[in-house]
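S.K.: Okay, handing you the structure first.
The values are calculated or read from the model by the stated rules, or taken from the named source; none is laboratory data. These figures come from a predicted structure and were not determined experimentally. Please note: Cβ atoms are built from the backbone with ideal geometry, for glycine as well, and neighbour counts cover all protein chains shown.
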C-alpha cells in the first residue's frame, strides 16, 4: 500500500479512540466535536473492515483486531514522534518533562530519593512521578503499560519482551520479631512450613521469586497476611510470631529499628535482579537514553546488598 495514498491524519483519532474506547471521551481528549470524530471512526471502520469498537452493555470494548492494532499503533506513533522530536542534542537543563516511572515501594525506597536528587541537579525544571506497581497486574494479563510510561522498575521474571537495563542485585531473607525466641539465627524447614507468614504481591501471578522457589521445592508457606507493598511488612511482623519474606536491603533497614531481626532461610532462593524496562520505540530517543543513563548511574551508587543473617539449614 502506497504511503502517499493513506490519510495519515486518521492516526491520531485512531489512537484516541482505541485508548478511550469511546467517541465522547476521545473527542474530549482531542478537543474535537463528537460528529467529527464519529466521521473519522466510520472511515477507519471502512478502511480496516472491522468494527474496532464493539458495544457491550452501556460501554464499548475493543474488538480482537483493535487490541492487536493498538500495540502496533503505539509503536508507530512513538517512532513518528521521535522523528519530529529529533534535535542535534538533548539539553537536560531545558527539559520541563514529567517522567513517569512505575515501581514498587521497595524499588522507590532504594533509589527513588537519589534519582530525584540527581534529576534536580541536572534538570531542575523536570520532575518525576512514581506510580504504584499494582499496575503490573495488567502486564501479567497481557496488556502493555509501557506504551504510556517512561520506565518500569521491576525484577526479572515478570516481563521479558521489552528492552531493559539491570540496576542492582539483592537477596531474600526472613524477618521475625526481636522477641520471637522460638526462631534462632536461621529458620528450619519445619518452621518455614508451620509459622504464620506475611508475604507481598501473591495474587495474579505476582508471588515473589523466593516463594515460588520454595513452592517448587515442596515447601508451602502458611500465609496469613498478604500486602501490596513491602514497607509495611516489618510492622506486621513486630510483636508477633509471624515471619516475613523480604529483600535483604529492606531487612537491614527494618532491623535497625530494634523491633525485628533478620534470619536466614533454610534454602537459598534466587537472587533478585532489579531492572529498568522501557518500550522499544523509545530506545533511540536522546531524552530517554539520557534518563536511562541517569537511573543506571544512581543505581550503581548503591552500597552492596550484604548477606542474610545466619547460615541456614542445608537441603
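S.K.: Quick check on this structure: which one of 308, 234 is in contact with a strand residue (DSSP E or B) (Cβ under 6 Å, 6 or more places away or on another chain), more than 30 Å from residue 122 (Cβ to Cβ), at pLDDT 90 or above and not in a strand (DSSP E or B)? I'd like the intermediate steps shown before the answer.
M.R.: Details: 308 fails: at pLDDT 90 or above.
Just one listed residue meets the conditions, 234.
S.K.: Then there is this: Of everything in region 186-211 that's surrounded by 14 or more Cβ atoms within 10 Å (Cβ to Cβ) and in a helix (DSSP H, G or I), which residue is modelled with the lowest pLDDT?
M.R.: 209
S.K.: Now a separate question. Looking only at region 268-284, which residues are part of a strand (DSSP E or B) and in contact with a helix residue (DSSP H, G or I) (Cβ under 8 Å, 6 or more places away or on another chain)?
M.R.: The answer is 272, 274, 276.
S.K.: Which one of 25, 55, 42 is without any contact (Cβ under 8 Å) to a residue 24 or more places away in the chain and in a strand (DSSP E or B)?
M.R.: That would be 55, the only listed residue that is without any contact (Cβ under 8 Å) to a residue 24 or more places away in the chain and in a strand (DSSP E or B).
S.K.: Please go through region 148-168 and pick out each residue that is crowded, with 16+ Cβ neighbours inside 10 Å, out of contact with any helix residue (DSSP H, G or I) (no Cβ under 8 Å at 6 or more places or on another chain) and closer than 22 Å to residue 301 by Cα.
M.R.: Listed by number, the residues that qualify are 156, 164.
S.K.: Looking at region 212-231, which of the residues that are more than 14 Å from residue 267 (Cα to Cα) and assigned to a loop (DSSP other than H, G, I, E, B) is modelled with the lowest pLDDT?
M.R.: Going through region 212-231, the residues more than 14 Å from residue 267 (Cα to Cα) turn out to be 222-231.
Still in the list and also assigned to a loop (DSSP other than H, G, I, E, B): 228-231.
On the way: 228: 82, 229: 85, 230: 88, 231: 89.
Restricting to residues being more than 14 Å from residue 267 (Cα to Cα) and assigned to a loop (DSSP other than H, G, I, E, B), the top hit is 228.
S.K.: So if I check each of 237, 226, 260, 246, which one is under 20 Å from the mean Cα position of the chain (by Cα), over 19 Å from residue 299 (Cα atoms) and buried (at least 19 other Cβ atoms within 10 Å of the Cβ)?
M.R.: 246
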